[in-house]
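Take a look at the structure set out below.
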Amino acid sequence: MLSAPRYRFFDSVKSRLTLLSGAIIAFTTLAAFLLLYGYLAHALQSNVDQGLFAEFREFQSIYQGGGLDALRREVALEESAKGKSQVFIRAFDGKGGEVLTSDLSYWNPTATTPPDLAREALPVFAGFEDTGSGRHGRSIYGQLAPDLWVLMGVDTEHNEIVLATYRQRCLEVFAVSLLAALFAAWWIARRAMQGVQALTAVAEDITRGEMTRRITNTGHGREIDRLGQVFNTMLARIAALIQEAKGLNDSIAHELRSPLTRIRGVAEMAITNGATLEQHRETVAEIVEACDGLLAMVHSMLAISEMESGVARLDAEPVDCAALVADSCELFEPAAEDRGIKMNVEIAGPAEVFGDRGRLQQAVANLLDNALKYTSSGGGINIRVTHQGDEVLIVVEDTGVGISKQDLPHIFERFYRADRSRSKPGNGLGLGLVQGIVKMHDGRVEARSVLGRGTVFNVHLPAMDSQNIAKGQ
């Protein structure tokens, strides 16, 4: 016994869309937070560095104007104004000896130690962290005068608190945003899949045999509605093909019944009657003739089916339709003379197409055979081949019995035979084969007829040009 299929979470398109959309939103939000965090951290650090550099320039001016004593007074003012725990200042002479310092009791010695005394002329900025208290700071070190270097640092704990608060809020907002994004993505995916579920419901009804079911506008978007329209068109086409196949099966059964009954009857008579050897030979010849007719019908049916399904292949080459039609007319001319029918061929000149010579000759032969079959003695058949613009036109016109308006739209259908043609030999496949061959060559065939006055068939084929040659190659 078959077990029910196991459905996993990731097998659902809705689940995949939800996770994918949520992941995209989450990644975008996280990237935005990180970008803003980097911008904020850089802005805070730049603000501190600008303040330090301004203080450095101010100390430089004070030293140049009042010397070391003036600088000591400025350091005392800085400590008093900003607090000893918020700023420190140290000055060194050319030999590295300390000549000036603020109160360093609130600061870690590592933070207040100057860099390598190679004496960089330009100020150097550095960040530091007090390993004991965890406090953060920022310092500037540079040459204040030819014989004086200054190391100045400030506490940046406030900035760290701002950044830590920002990180905390970002995490909170990110968590809420992620949940909201997943819910929104799930809701959007659910709405998007409702149209698909409607299509699935109709398809399931059709699999249960409700072939008349169709999809109405779902209201879930232009794309889903368009899919529904295409689905309905496909269903209508399938229904038409089923109906056509049913009719075709009925036609095949009807067409096969008579020759098979005839074959069986002839064979049965040959068995039951005391016939001579010559009579047996005649019987066998009659059976072979009937089988040949059946084989011809089967071959025509297979050829039409191959052309309609696109399986048939063309042995394409440049073909002069004028010469091809002239050769075909020459073959049919003796039969026309025997029946007292005049054939008139008008060829304006070369008319080349890129196609299958054998199939095109078969199409022309079927049209000529059809014209001879339904044209009475004393009538005529006119055949014209002209090159008109980008088309080659083949016209086969007869003065035969004609086709009624009711029958004319159906003459290219397989096994279709008008009432007037029932008494004529044939199986109703010739014109269908003509249409299939012409369509294979990207052409079209048209028919006009007046009952009792004759019929005209116009075959339009693309003339050979560089495009046709490229297509064939």
(message) If I filter the range 384-405 down to residues being touching an Asp or Glu at 6+ places or on another chain (Cβ under 9 Å) and hydroxyl-bearing (Ser, Thr, Tyr), which single residue comes out as surrounded by the fewest Cβ atoms within 10 Å (Cβ to Cβ)?
(response) Ser404
(message) Which pairs turn up if I take residues in the range 448-459 that are on the phi > 0 side of the Ramachandran plot and look for partners that are part of a strand (DSSP E or B) and acidic (Asp, Glu) with beta carbon separation below 9 Å, at least 6 apart in sequence or on another chain?
(response) Gly454/Glu397; Gly454/Asp398
(request) Scan the range 334-356 for residues that are more than 24 Å from Ala463 (Cβ to Cβ) and buried (at least 16 other Cβ atoms within 10 Å of the Cβ) and jot them down. (result) Ala336, Ile341, Met343
(request) Residue by residue through the range 367-383, note down the ones that are touching a residue at least 60 places away in the same chain (Cβ under 8 Å), within 49 Å of the chain's Cα centre (by Cα) and buried (at least 22 other Cβ atoms within 10 Å of the Cβ). (result) Leu367, Asn370, Ala371
(request) Hand me the list of strands (runs of 3 or more DSSP E) wholly inside the range 60-170 holding 2 or more residues that are assigned by TED's automatic domain parsing to the domain that holds Gly38 and within 21 Å of Gln50 (Cα to Cα). (result) 87-93, 124-129, 136-145, 148-155
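The values are calculated or read from the model by the stated rules, or taken from the named source; none is laboratory data. Please read all numbers here as calculations on a predicted model, not as lab measurements. With ideal geometry, Cβ positions are generated from the backbone for all residues, glycine too; neighbour counts draw on all protein chains shown.
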